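The values are calculated or read from the model by the stated rules, or taken from the named source; none is laboratory data. Just so we're clear, the structure is a prediction, and the values are computed from it rather than from any experiment. Methodologically, a virtual Cβ is constructed for each residue, glycine included, from the backbone with ideal geometry; neighbour enumeration extends over all protein chains shown.
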Amino acid sequence: MALSRDAYRALEDIVGPGYISEDPAVMDSYAYQWLAETVRPNQSKFMPRPEAALLPGSTKEVQAIVRTCNKYKIKVKPYSTGWYFYGAPLTEGVIQLDMRRMDRILEIDEKNMFAVIEPYAIAGVLQAEVMKRGLNCTVTGAGASCSTLVGATCYHGSGGTSIYTGELRENLLGAEWVMPNGEILRTGSIGSGCGWFCAEGPGPSMRGIVRGALGARGGLGVYTKCAVKLSPWPGPVEFPVEGTAPAYRSPLPGNFRAYTLAFKDWDSLFEAYYRLYDNEIGYYAHRQWTMLGADLGPAFWMLYQDPTKSLDDIEEFVQKQEVKEFTEEMRRSFQLVLVGMSQRDIEYQDKVLERILEETGGWKVKKWLEPEMEQFALLYLLRLGKKNLNFVYTGGWVGNFMQVGTPDFVKKYRPLAEDATREYQEKGLLVDCGSDSMMGCVGSISGGGNCGLEQFGFYDVADKVSTAAAVEWMKHCIQEEAMHNIPPGKEGMYLAVGKTHEELQQDLAKQPATHTWQRKIKQALDPNDLGDRMYPTLDER
Amino acid sequence: MALEDYRDDCTNCSRCSYCKWIPFDHIKSARFARACPSMEYCNFQAYSLGGRLSVGLSLLEGRIGYNDELKDIVWKCQMGGACDVSDKICRYNIEGLEVMREMRFKLVEDGQTLPQHKPYIDNLHKEENMMMEPGVNRGKWADGLDVKNLAEEKAAVVFHAGCRYSYAEGLQKTARMAVMMLRDAGVDIGIMGENESCCGGRVYQWGYRKELNGCARKNTRVWADAGVKTVVTPCAECYYTFKRLYPEIGFTFEVIHVVEYINRLIKEGKIKLTRSVPLTVTYHDPCHLGRLGEPYVPWQGTREKIYGQIPVWKPSKPRYNGAWGVYDAPRNVLKSIPGLALVEMERIREYAWCCGAGGGVLEAYPDFAAWTAAERLAEAKATGAEAIVSACPWCERNFADTVKSQDEKIEVYDIIDLVQMAL
């Protein structure tokens, strides 16, 4: 269903001929998405092809596009960096807004510690700019390549520094929103002309409404600006970077420490989570290295330090005695970065950490204390510029469970996640990297020390059997969760993309109040149904 | 190889956009964080490495056919490989640059060529150079030089000037200085004169695979006849072609860029830099000397799966990710020049921004080539440098032309010129 020529010309008049295309090859580059293969017929890598792609350069252009879409009843899907199949059209008949031309950092208010940004200002760039002012931002867990605005407005946006810098959803201080009806709403204090300092006003808050249950993910209008809270950065104005590609590392000053903390059992590890939060130490706290599997991950991190080696050499590393010991030493572990605002502060934090380790029986993994390993960890964890290593094994992964809550809650589902995974690994359908391939936040400010574990399963995206197994594994995890009264994790969100309308309605009916209210909001703000099911609504009965 | 052989590489792209940026660990500012000229100039996703992988898959699956837009996507790219470096920070099992090259080969083999390239290809076939010049004039740059002509004599080292240095009037003197500098330092060196041919590297990157073989056969035959063991060139593109591409098709000689040789001779005390050159300069890493200038490693292997689903190569496949390019030699040379101050740009070494002249862009899309160069000049000026220095004539000419056309205020030097000034 091509756009009518009238509609195309109207859209072209808005952005100019250089910023609109409907060429099939260009459209397929927008349709191609990670995870498409888990929901599309024949495991296609392509989501539905957009009718056209547009690159707006201003809020005014976005508003004009949305108004034109209302006039011609064309569905519209915006994305910023476009990572994840959520950002693509979910059906035919959709135009894609690629927001990459709106990439500016409009303001950095050093005194009041916030930045005003456009959709394509990615976390790595924002961080680089605010570091020059002694500030830092929350780099969303998906890494430096991702849009900070999207993490703050359309998702929940937590990251490794959330124990100190907060989650992006909390750090949202107001947004400029082109609503699906074409009106512009400025939320929070900016909405009453008072500046960008507060998301709750004076001015319309709308924070919960625009995000909905899980974040609208491009399904309800277009965010064109937002302000995010920043945090102190007592480090250099830029990362000093050493090392040979790809194992870059950063020798940071003496008020920085990176540790991998390990424990004899899970109870002790989760107890340490509580104590870290209660004692208010830590700048970054996250389970990161284990995302590649407790059995195989340590070998990978060792080989990654050697620029002459590649994944092809991992079996050789697994056999090394040093790696075997390293693997066992860090089997139940997480990462902690301490950053002192002063020398006294770092000394204090170190002492508190020593006490926590004493009381929980934990230890610092020795290999990660070596200077070059620590420098690698500091750069990796604080910039999060290598997060795409998620994909290094096979090109495909899904993250299951990931229910956020207190350490006691997370502790309960951890063994379920391992049990639900083991069989798929042992049969060779997923990468057999250890049934604990769990990653997640430690002690986020949100919720008073929230944490979570996301169980990674790696499937070969070019292998149809493995891809099918990943889908089965996700379904299996949902069943296991249901049996233990745990709601589905991210796997539920992934699979929802491929569900029929009726199947989705059955799921949404389990939370009728939320999804009924979302329907009412959508009816009010999106009368021509320009958005998609990423803002899910329960049908009127 | 064929595009079909890279189907898994296309399928494996995670659409993460790392290819659009310099390695995130190195980002210092919003202004100079981008890696890919093609993406920045053209904006649509299809013009990124990730986008081109998806277009490759779409072609393989028969979802799209040939049209002018597809040709634009395939050729509006310098093939400088910054995307490949960033991609391989995490995904070193995807050969993105190879996929892009295979797409060009496929289009050329299917007759889907760019008309802008045709005169150059015709001239190469007829006159054996990329400069639209008569082949008989190739050796004129060296007229009057007291250096061995290896058509008649023998030497251990051949100085291969390359098309640009041989024909471009402003650059011929640089080639003359380079060969004399090496001769005066005691190197047993000679030139091929009229018998030198284009290396074939540029057209190979445009998608003309067969032409490389012809050029390689001719060049290596005359080198062998002259008893040559080592090939020295001042051109980064020739260097890449001899170092990486010739051994891949079976022709192996020791290959050294002039700047490496000069660095060695300075260290050995055979070249002494004594005169002060009071300049603040910044060094531009040519793509083909830097990230693409890694030595070829012979390899053959097969794919198998380990740990259930990890596809790996047995034996291990060599990884080309820019780690072993030539970066330190030119910097060492510059630091050896008395009075000269070297300041660095934000994007350097394996993540340097391209000059804009490669991949057939200069010939087919001159505005894009100039825009890319202007971006680099802006970065150079941001350092406070008075001059930008490089070790490739294609970079230098594109910079110099852009300085002139856009009335920029920065000098452009070949590193050889600066060494000569310091002698």
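Structure summary
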quantity	calculated
Among residues of region B:143-169, those that are assigned to a loop (DSSP other than H, G, I, E, B), of a type in the set (A, V, I, L, M) and either closer than 21 Å to B:K229 by Cα or not assigned by TED's automatic domain parsing to the domain that holds B:A224 (or both), counted	6
In region B:299-357, the residues that are of a type in the set (K, R), touching a Pro at 6+ places or on another chain (Cβ under 8 Å) and more than 14 Å from chain A (Cβ to nearest Cβ)	none
Given (1) within 24 Å of B:R244 (Cα to Cα); (2) part of a helix (DSSP H, G or I), number of the condition B:Y92 does not satisfy	(2)
Some residue of region A:38-57 being among the small types (G, A, S) and closer than 25 Å to B:I27 by Cα	yes
Count of region B:227-242 residues which are surrounded by fewer than 18 Cβ atoms within 10 Å (Cβ to Cβ) and among the aliphatic types (A, V, I, L, M)	0
Index of the failed condition, B:A378 passing every other in (1) assigned to a helix (DSSP H, G or I); (2) crowded, with 20+ Cβ neighbours inside 10 Å	(2)
Cβ-Cβ under 8 Å pairs, at least 6 apart or on other chains, region A:141-152 side within 12 Å of another protein chain (Cβ to nearest Cβ), far side among the charged types (D, E, K, R)	A:A142/A:K387; A:G143/A:K386; A:G143/A:K387; A:A144/A:R383; A:A144/A:K387; A:S145/A:K387
Test: residue in region B:33-50 that is touching a residue at least 24 places away in the same chain (Cβ under 8 Å), facing another protein chain (nearest Cβ under 8 Å) and over 23 Å from the mean Cα position of the chain (by Cα)	yes
Scan of region A:427-444 for residues that are touching a Ser or Thr at 6+ places or on another chain (Cβ under 6 Å) and modelled with pLDDT under 95, ordered by number	A:C441, A:S444
Members of region B:243-273 found to be in contact with a Phe, Trp or Tyr (Cβ under 7 Å, 6 or more places away or on another chain), in a helix (DSSP H, G or I) and buried (at least 17 other Cβ atoms within 10 Å of the Cβ), listed by number	B:K243, B:R244, B:L245, B:P247
Test: residue in region A:209-218 that is free of Cβ contacts under 8 Å to residues at least 40 places away in the same chain, assigned to a loop (DSSP other than H, G, I, E, B) and either touching a helix residue (DSSP H, G or I) at 6+ places or on another chain (Cβ under 9 Å) or over 19 Å from A:F114 (Cβ atoms) (or both)	no
Positions within region A:226-280 being outside any helix (DSSP H, G or I) and closer than 17 Å to A:P407 by Cα, in sequence order	A:L261, A:A262, A:F263, A:K264, A:D265, A:E280
Test result for B:I64, assigned to a helix (DSSP H, G or I), within 8 Å of another protein chain (Cβ to nearest Cβ) and modelled with pLDDT of 95 or more	no
Selected residue [among the basic types (K, R) and either in a helix (DSSP H, G or I) or closer than 20 Å to A:M47 by Cβ (or both)] from B:R15, B:R31	B:R15
Count of residues meeting criterion [among the polar types (S, T, N, Q) and within 30 Å of B:A33 (Cα to Cα)] in region B:83-135	2
Test set (1) farther than 30 Å from A:M438 by Cα; (2) touching a helix residue (DSSP H, G or I) at 6+ places or on another chain (Cβ under 9 Å) - A:K132 fails condition number	(2)
Failed item, numbered, when A:K111 is tested on (1) assigned to a loop (DSSP other than H, G, I, E, B); (2) over 22 Å from A:T500 (Cβ atoms); (3) within 13 Å of chain B (Cβ to nearest Cβ); (4) among the charged types (D, E, K, R)	(3)
Options A:T38, A:T91: the member that is more than 8 Å from chain B (Cβ to nearest Cβ), part of a helix (DSSP H, G or I), touching a strand residue (DSSP E or B) at 6+ places or on another chain (Cβ under 8 Å) and closer than 30 Å to A:E472 by Cα	A:T38
Hits in region A:338-366 - residues which are in a helix (DSSP H, G or I), farther than 12 Å from A:E280 by Cα, over 31 Å from the mean Cα position of the chain (by Cα) and not polar (S, T, N, Q)	A:R344, A:E347, A:K351, A:E354, A:R355, A:E358, A:E359
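Here is a yes/no grid of residues against (1) under 30 Å from B:K28 (Cα atoms); (2) buried (at least 22 other Cβ atoms within 10 Å of the Cβ):
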position: A:N70; (1), (2): no, no
position: A:Q96; (1), (2): no, yes
position: A:A115; (1), (2): yes, yes
position: A:P119; (1), (2): yes, yes
position: A:V125; (1), (2): yes, yes
position: A:G141; (1), (2): yes, yes
